[in-house]
Amino acid sequence: MELHILEHSLKVASIAKEGIQICTHGLIKLAFLPSKTRCKFFSLTETPEDYTIIVDEDGFKELPESEYLSVADATWLALNVVSGGGSAASSQPIGVTKIAKSVIAPLADHNISVFMLSTYQTDFILVRERDLPMVMHTLSAEFTLLKVVNGETVAANGTEVTNGFVKPKLVPRPIIHPLSSPSNMFCVTSLDPDTLPSVATLLMDVMFYSGGAKEAVGQSEDSGHIRFFSFSLIEGYISLVMDEQTTRRFPNNVLFTSASGELWKMVRIGGQPLGFDECGIVAQISEPLATADIPAYYISTFKFDHALVPEENIQSVIGALRTNESTGQ
């Protein structure tokens, strides 16, 4: 398989709920007027705590300096596993569990922190730019390493570091962070960019006006229902993650759905904000799911992580993760 190192230099940021109005102009431009910017990689995820933004350097210029904007102290690069060649966006989604043992676990074994963004189209593994040499060293035995330069895919320098490389042994990775599963059911979907203008007003309402801080806090504990919405526009492809109730607000035939109309349940990872330095959190979750052959989307945010698994698998997933959790006590 091929591992593509994308050319985007990315920033990961958090916007406080009470400060979202200061950034709304820039965010609307990035989401709905991409031709007015040079941004090629933009993702916004709302959780009960904040908004997480992943954006390339050109897109970051659209965001104002503000006390409500916190930026992770690193430049990140996006990696993408592609099966059988072809562009990342046109390949079939393989799910984080399919790369758990070939990518996620080896990086964890080498103390390389990752930040995950699963989309409708594919899975992006974000690593710190300064970690790239070790990432290439770690993964070059398993993958053909390619980098994207000015839109062209070329061989990545440094593949010769496979000499002397010893494949790490997978070690047990007990889950050390609290897990919870909200009551919502979620859809992972997309839409044709040409139809985006027709639902722009609706999407803006969902993004910025439907779930303010008061509403999110008020319902998160009482009913088990949490506020979670994710929008990505990456290299022209749109990905959406939203709960089932929100999808009903969209006109028929606008959102893409799988043939099965699959619904997903969430496992939320973390009791306190996770930070960016701890290694192995994604591996703790994705390896048991890979062993059980359960597909999953995985979305890291500024404070917590989120795995989405098929609705019918949620009880077995929780059971498997709880077992992994208890063995680590």
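The values are calculated or read from the model by the stated rules, or taken from the named source; none is laboratory data. Quantities reported herein were computed from a predicted structural model and do not represent experimental measurements. Quick reminder, even Gly has a Cβ in these numbers, built from the backbone with ideal geometry, and neighbours come from all protein chains shown. Calculation scope for accessible area: heavy atoms of the full protein, side chains included, ligands and nucleic acids excluded. Shrake-Rupley method; radii C 1.70, N 1.55, O 1.52, S 1.80 Å.
Using R₀ = 45 Å, calculate the FRET efficiency as 1/(1 + (r/R₀)^6) where r is the Cβ-Cβ separation of ARG38 and MET1; round to 0.05. Write out the running numbers ahead of the final one.
Values: r = 31 Å, r/R0 = 0.68.
The value I calculate is 0.90.
For the chain, the solvent-accessible area works out to 44 Å² per residue, with a probe of 1.4 Å and every protein chain left in place.
Derived scalar couplings between HN and Hα for region 280-285 equal x, 5, 5, 5, 4, 8 Hz in order, rounded to whole Hz, by the Karplus curve 6.51 cos²θ - 1.76 cosθ + 1.60 (θ = phi - 60°), x for Gly and Pro. Among MET242, GLN315, GLN284, which residue has its Cα furthest toward the positive end of the charge dipole of region 240-329, with +1 on Lys/Arg Cβ and -1 on Asp/Glu Cβ? Value computed over the given set: MET242. Among the listed pairs LYS17/LYS101; LYS17/LYS61; LYS36/LYS101; LYS101/LYS147; LYS29/LYS101, give every one whose C-alpha distance is greater than 29 Å. Over 29 Å Cα-Cα: LYS17/LYS101; LYS36/LYS101; LYS29/LYS101. Solvent-accessible area assigned to carbon and sulfur over the chain amounts to 50 percent, based on a 1.4 Å probe.
Quickly rank 6-16, 279-289, 21-31 as a protection proxy: mean count of other C-beta atoms within 10 Å, highest first.
Details: 6-16: 20.4, 279-289: 23.5, 21-31: 18.0.
For the peptides 6-16, 279-289, 21-31, the packing ranking is 279-289, 6-16, 21-31.
When you restrict to C-alpha pairs under 8 Å that are six or more residues apart and normalise by the size of the chain, the relative contact order lands at 23 percent. With a ≥ b ≥ c taken as the square roots of the eigenvalues of the C-alpha gyration tensor of region 116-159, please select rounded if a/c is under 1.5 and otherwise prolate if a/b is larger than b/c or oblate if it is not? Oblate. Each stretch of four or more DSSP H residues adds -39500 (n - 2.57); spread over every residue of the chain, this sum gives -6500 deg cm²/dmol at 222 nm. As a size descriptor, the averaged projected area of the C-alpha convex hull of the chain was calculated at 16.3 nm². Computed from phi, the 3J(HN,Hα) profile of region 195-201 under the Karplus parametrisation 6.51, -1.76, 1.60 (θ = phi - 60°) reads 8, 4, x, 6, 10, 4, 5 Hz, with x in place of Gly and Pro.
Less than 5 angstrom separates the built amide H of ILE238 from those of LEU191, all sequence-distant by 5 or more or on a different chain.
If packing is taken as the average number of other Cβ atoms within 10 Å across a peptide's residues, how do 242-249, 305-312 rank, most packed first?
On the way: 242-249: 15.4, 305-312: 20.5.
Ranking, from highest mean packing down: 305-312, 242-249.
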